[in-house]
Amino acid sequence: MYARSTTVHADPQRIDDGIAYVRDEVMPAVQSMPGCMGLSMLCDRDSGRCIVTASWDSEESMSASRDAVMPMRERATEVMGGAFDVQEWEIAVMHRAHTMGEGGWARLIFSQLRDAAQADRVIEAWKAQILPRLDEFDGFSSVSVMVDRAAGRGVSTVCFDSREAMERSREIGDRMRAEFSSAMDVDITEVTEMEMAIHHLRVPEMA
């Protein structure tokens, strides 16, 4: 499974317009493409940062869609203002405790391996040490881990039923992250929390 994320640095006043465009125009068009599994959209209404991610059943399907999605990406940027950048990922982990309803929030943890060759070891350690503990969090909904093996980069997206549930997990999440990153030689490059505006990624369980 693979994913393409488009990060738009938008005008905060135009985020609702962007959500409507992605939901009503982009999502149906992308989901009709061969191999597309689904789409999600995360938003930070204060900064204007939005992340739209489409999931694909193979690297070939994702590659074949590049030209077709470009006009939609450019139009989304026009609707929302600002500029965009694109990242392609392998989906290494997907686990759902339950289906998320409206009002969900997510904590994104961006990371950099000090040794890119250790990606598999770090992923397996994460599944053994972190994943079972997430299921214990009140309000935890799902988690995904996506990696760029060549660059040694990764991003974990931990989703909660509400902003309040996410905030309750913050302290223990910080402690777990610090312990794991220190033990596994992983640098945490950014942690951010965002509203889940659209949640139809539809990637099957991969834990």
Requested in this report: Round to the nearest 10 and give me the degree value, 0 to 90, for the angle of helix 66-80's Cα axis relative to the longest principal axis of the chain.
Outcome: 80
**Report entry** Length released on extending from S58 to A20, taking residue separation times 0.36 nm less the Cα-Cα span
**Finding:** 10.9 nm
Query raised in the report: Ratio of Rg to Rh for the chain, alpha carbon only, Kirkwood?
Result: 0.95
Query raised in the report: Nearest 10 degrees, 0 to 90: what angle lies between the long axis of helix 170-184 and the longest principal axis of the chain (Cα atoms)?
Result: 70
Query raised in the report: For the range 12-17, what does the Karplus curve 6.51 cos²θ - 1.76 cosθ + 1.60, with θ = phi - 60°, yield as ³J(HN,Hα) per residue in whole Hz, taken in order and with x for Gly and Pro?
Result: x, 6, 10, 5, 4, 4
Requested in this report: Report the label-to-label distance for M184 and A116 in nanometres (one decimal), using points 7 Å from each Cα along the Cα→Cβ vector.
Outcome: 1.8
Query - the chain: angle of helix 119-129 to the longest principal axis, Cα-based, in degrees nearest 10 - result: 70
Report task. Would you please give the FRET efficiency between R75 and Q129, computed as 1/(1 + (r/R0)^6) with r the Cβ-Cβ distance and R0 = 41 Å, to the nearest 0.05? Result -> 0.45
Query - Contact order normalised by residue count of the range 2-200, Cα under 8 Å, 6+ apart, percent - result: 28
Requested in this report: For the range 70-150, compute Rh as the Kirkwood radius over C-alpha pairs and then the Stokes-Einstein diffusion coefficient at 37 °C and 0.692 mPa s; write the answer in µm²/s, rounded to an integer.
Outcome: 212
Report task. Treating only the Cβ atoms of Lys and Arg (+1) and Asp and Glu (-1) as charged, compute the dipole magnitude of the chain about its Cα centre; round to the nearest 20 debye. Result -> 160
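How much mean residue ellipticity at 222 nm does the chain get from its helices, if each DSSP H run of length 4 or more adds -39500 (n - 2.57) and you divide by all residues, to the nearest 500 deg cm²/dmol?
-9000 deg cm²/dmol
Bear in mind that the values in this text are calculations on the coordinates, not laboratory data. Fair warning: this is a prediction, and the values are worked out from it, not measured in the lab. Positions of Cβ are generated from backbone atoms using ideal geometry, with glycine treated the same way; all protein chains shown enter the neighbour counts.
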